[in-house]
Amino acid sequence: MRRLLLPLVLFLVLAGGFGWWWYQPERVLARRITSFIESAAVEETTSEIARTTRGSSIEGYLAPNVTIHGTDETNKYVEGPQSRDSLVASYTAAARGSRRISFEAPVIEELTLNGDVAKAKVSVDTIIELQNGERPVDGMLRLDMEWKKIEKKWVLSSVSAKETAR
């Protein structure tokens, strides 16, 4: 009986330790940030129907109002406080008007939590290629993000982006 009890206890301790680590607020938010970036990608082979749902795929990650400070190129289209609905519609239009929106290898460089507010510095290799072949964004995006916990869920409340060379 003792021979069976020791492996069971060891398994429970390891599973408990993993569960504790997995559900730490920093880990939850890091997964949420990565998932948000992955949800925003639009591959070149994405169908027209899938492109029209791209905005709704990021909707659950956005606060009711999001403040955006983008790159010089994107500031023409989106700058300052925006409603969630406006951003969803804008992103759907961007997905439909782009050949691809690619985000590769997001790296969370810094993540700090203070109660229900978190700040993250993220870098991600980004390409936005329009239907005519132009690339208004083609480089590393440095994102300064603010996330807020609203109704027990982390949502993006502010983002500032700067593009740098790879």
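For the chain, what's the radius of gyration and Dmax over Cα atoms, in angstrom?
Both quantities, over Cα of the chain: 19.2, 71 Å.
Which angle from 0 to 90°, rounded to the nearest 10, does the C-alpha axis of helix 2-22 make with the longest principal axis of the chain?
30
Modelling each spin label as a point 7 Å along the Cα-to-Cβ direction, I'd like the SER160/GLU109 distance in nm, to one decimal.
The modelled label-to-label distance comes out at 1.3 nm.
Report the full-extension gain for the segment ARG31 to GLU59: residue separation times 0.36 nm, less the Cα-Cα distance, to one decimal in nm.
8.4 nm
Relative contact order of segment 23-166, please, whole-number percent, based on alpha carbon pairs below 8 angstrom and at least 6 residues apart.
Once normalised by length, the contact order is 23 percent.
Give me the one-decimal nm value for the distance between modelled label points at TRP20 and SER83, 7 Å along each residue's Cα-to-Cβ direction.
4.6
For the chain, find the longest principal axis of its Cα atoms and tell me its angle to the long axis of helix 25-40, 0 to 90°, nearest 10.
Approximately 40 degrees, to the nearest ten.
Any idea of the accessible area per residue across segment 78-127, 1.4 Å probe, to the nearest Å²?
50
To the nearest 10 degrees, how steeply does helix 84-97 sit against the main Cα axis of the chain, on a 0 to 90 scale?
That helix lies at roughly 70 degrees to the long axis.
Given a Förster distance of 41 Å, report the FRET efficiency between ILE150 and ARG3 from their Cβ-Cβ distance, rounded to the nearest 0.05.
0.25
Say the dipole of segment 1-114 comes from +1 at the beta carbon of Lys and Arg and -1 at that of Asp and Glu; which of SER39, ALA94, GLY19 then lies farthest toward its positive end?
Working it through, the farthest residue towards the positive pole turns out to be GLY19.
Based on the Cβ-Cβ distance from LYS121 to GLU38, what FRET efficiency comes out when R0 is 25 Å, to the nearest 0.05? Let's see the in-between values first.
On the way: r = 18 Å, r/R0 = 0.73.
Once rounded, the FRET efficiency stands at 0.85.
Nothing charged except the Cβ atoms of Lys and Arg (+1) and of Asp and Glu (-1): what's the magnitude of the dipole of segment 113-166 about its Cα centre? Round to the nearest 20 debye.
Details: 10 positive and 9 negative charges, 66 e Å.
Here segment 113-166 has a charge dipole of around 320 debye.
FRET efficiency for SER47 and LEU12, Cβ-Cβ distance as r, R0 = 41 Å, nearest 0.05?
0.35
Listed highest first by mean packing, meaning other Cβ atoms within 10 Å per residue, what order do 139-152, 40-53, 8-21 come in?
139-152, 40-53, 8-21
The values are calculated or read from the model by the stated rules, or taken from the named source; none is laboratory data. All figures in this text were calculated on a predicted structure; none of them were measured in a lab. In this analysis, Cβ positions are derived from the backbone assuming ideal geometry, glycine residues included, and neighbour counts consider all displayed protein chains. Heads up: the accessible areas ignore ligands, DNA and RNA and are worked out on the full protein's heavy atoms, side chains in. Shrake-Rupley method; radii C 1.70, N 1.55, O 1.52, S 1.80 Å.
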